[in-house]
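Accompanying notes for the structure given below.
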Amino acid sequence: MTERILVTGSSGQIGSELVPKLIERYGADNVICVDLKEPADKLCAFEKLDVTDREGFEKIVKENAVSQIYHLASILSATGEKMPEKTWEVNMGSLRHVLDFARDYNIRVFWPSSIAAFGPTTPRDNTPQQTVLEPSTMYGVTKTAGELLCNYYHLKYGVDVRSLRYPGLISWKQEPGGGTTDYAVDIFYKGLATGKYECFVSEDTVLPMMYMDDAINGTLKLMDADSGKLTVWTSYNMAAISFSAKELEEEVKKHIPNLEVSYSPDGRQKIANSWPRSIDDSVARADWGWAHEYDLSKMVKTMIENLKKKLL
Ligand code: NAD
Ligand code: SER
């Protein structure tokens with residue numbers, strides 16, 4: 001059977017890197033993108049859609065005989081704290097639509113959760129797969145509730161919905177949109193453009209991070225996995241590298257020696273403090289062979305090389 005793939009939030013940081021990979025696999029004619037925002041490069045069919053519009057969303061799913069949905073459309077953590085009600089409406093409302101379509105039209109779903117599903121009462125180091133989930137942001141609340149809803153639809157209706165708790169994702173093609181981990185991308189853009197960066201978290205802030213290529217490879221590997229091998233239907237822990245903001249500064253300085261970095265923590269510090277420092281992803285590694293490739297130095301080198309070509 002030819003797979004027909006729908007990507008929501010396709011113009012965002014992850015969508016703009018996932019879509020070309022899906023086109024490579026399934027062909028441009030079999031990938032359909034939807035977002036509120038026009039894509040930077042139009043590589044396949046694109047429709048402007050607000051994913052809270054259930055009728056419009058369902059029409060696209062039916063007309064295109066969609067067999068897989070990568071549901072990426074979302075409001076992220078920092079923006080979410082500015083508009084918590086809207087964040088609930090967009091993140092949970094749209095996930096509910098996607099899960100209903102999956103049940104009614106037999107669609108396989110990928111939906112990303114996040115380290116934001118954890119909270120201040122979660123063990124912060126080597127956070128286990130099964131642990132306390134008491135997030136303190138609205139974004140995190142939608143991730144925890146979303147994980148439970150995915151698991152419920154799997155148990156009750158047999159929906160094949162797969163999920164990863166992504167760490168902060170670092171990439172160069174598309175700038176991130178309103179997250180707390182964005183400083184780990186901003187330092188490259190501002191550092192190369194101006195030689196200076198004012199970081200919005202303190203230098204000792206440690207968070208789990210990952211280079212985008214690893215996240216995309218892991219996502220496709222999970223979607224390819226034999227469902228009989230999967231033991232987690234909430235969301236899999238997924239990890240690669242953990243480093244402090246200062247360690248990142250030092251690594252970037254190997255490529256931009258005159259870089260000046262200052263630290264002025266703002267409201268996002270509180271969010272960062274509520275998330276784990278490192279993640280135990282041994283269940284993902286055992287169940288479906290997850291493995292990352294990029295360490296801190298390889299990630300920084302790749303970011304600098306590509307952003308120099310893009311910006312300078
Ligand atoms: P992003 O902000 O870069 O992209 C999200 C896209 O969704 C944007 O293009 C936006 O226009 C679109 N969107 C927002 N509201 C919409 C609506 N109502 N209708 C249609 N489109 C809408 O985010 P991203 O980094 O690409 O994240 C994608 C998914 O991955 C999200 O679920 C996010 O929570 C999750 N995630 C991302 C990270 C990360 O570091 N990037 C980490 C953990 C989880
Ligand atoms: N990178 C995301 C954020 O900071 C984590 O889900 O919001």
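The values are calculated or read from the model by the stated rules, or taken from the named source; none is laboratory data. Quick caveat: nothing in here was measured; it's all calculated off a predicted structure. Don't worry about glycine lacking a Cβ; one is built from the backbone with ideal geometry, like all the others, and counts go over all protein chains shown. All accessible areas refer to the heavy atoms of the entire protein, side chains included, with ligands and DNA or RNA removed. Shrake-Rupley method; radii C 1.70, N 1.55, O 1.52, S 1.80 Å.
The table below gives the values:
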| read-out | value |
| --- | --- |
| C-alpha long axis of helix 138-157 to longest principal axis of the chain, angle in ° | 30 |
| Directionally averaged projected area (convex hull, Cα atoms, the range 203-274), nm² | 6.8 |
| Student exercise, the chain dipole from Lys, Arg, Asp, Glu Cβ charges, in Debye to nearest 20 | 140 |
| Net charge dipole size for the range 241-312 [Lys, Arg +1 and Asp, Glu -1 on Cβ; Debye, nearest 20] | 300 |
| Angle between the chain longest axis and helix 212-224 axis [Cα atoms, degrees, rounded to 10] | 20 |
| 12 Å reach of a label modelled at Lys310, 7 Å along Cα-to-Cβ, counting backbone N of the range 169-184 | 170-177 |
| Estimated inter-spin distance, Glu55 and Gln130, nm [label 7 Å along Cα→Cβ] | 4.4 |
| Cβ-placed point charges (K, R +1; D, E -1), dipole of the range 1-159 about Cα centre in debye, nearest 20 | 240 |
| Lysine pairs with alpha-carbon atoms under 19 Å apart, the range 25-172, spacing 8 or more or separate chains | 7 |
| The range 118-160 and the range 167-239: distance between their alpha carbon centers, rounded to Å | 18 |
| Accessible area of the range 13-160 belonging to carbon and sulfur atoms, whole % at 1.4 Å probe | 50 |
| Per-residue ³J(HN,Hα) for the range 66-81, Karplus 6.51 cos²θ - 1.76 cosθ + 1.60, θ = phi - 60°, Hz, x for Gly and Pro | 5, 10, 9, 10, 9, 9, 9, 4, 5, 9, 8, 5, 6, 4, x, 6 |
| Helix 296-311 vs. the chain, principal-axis angle (Cα, 0 to 90°, nearest 10) | 90 |
| Count, lysine Cα pairs under 24 Å in the range 183-281, 8 or more residues apart or across chains | 11 |
| Reachable aspartates and glutamates, given that their alpha-carbon falls under 20 Å from the alpha-carbon of Lys298 and they are not under 8 places away in the same chain | Glu17, Glu175, Asp182, Asp186, Asp213, Asp214, Glu247, Glu249, Glu250, Glu251 |
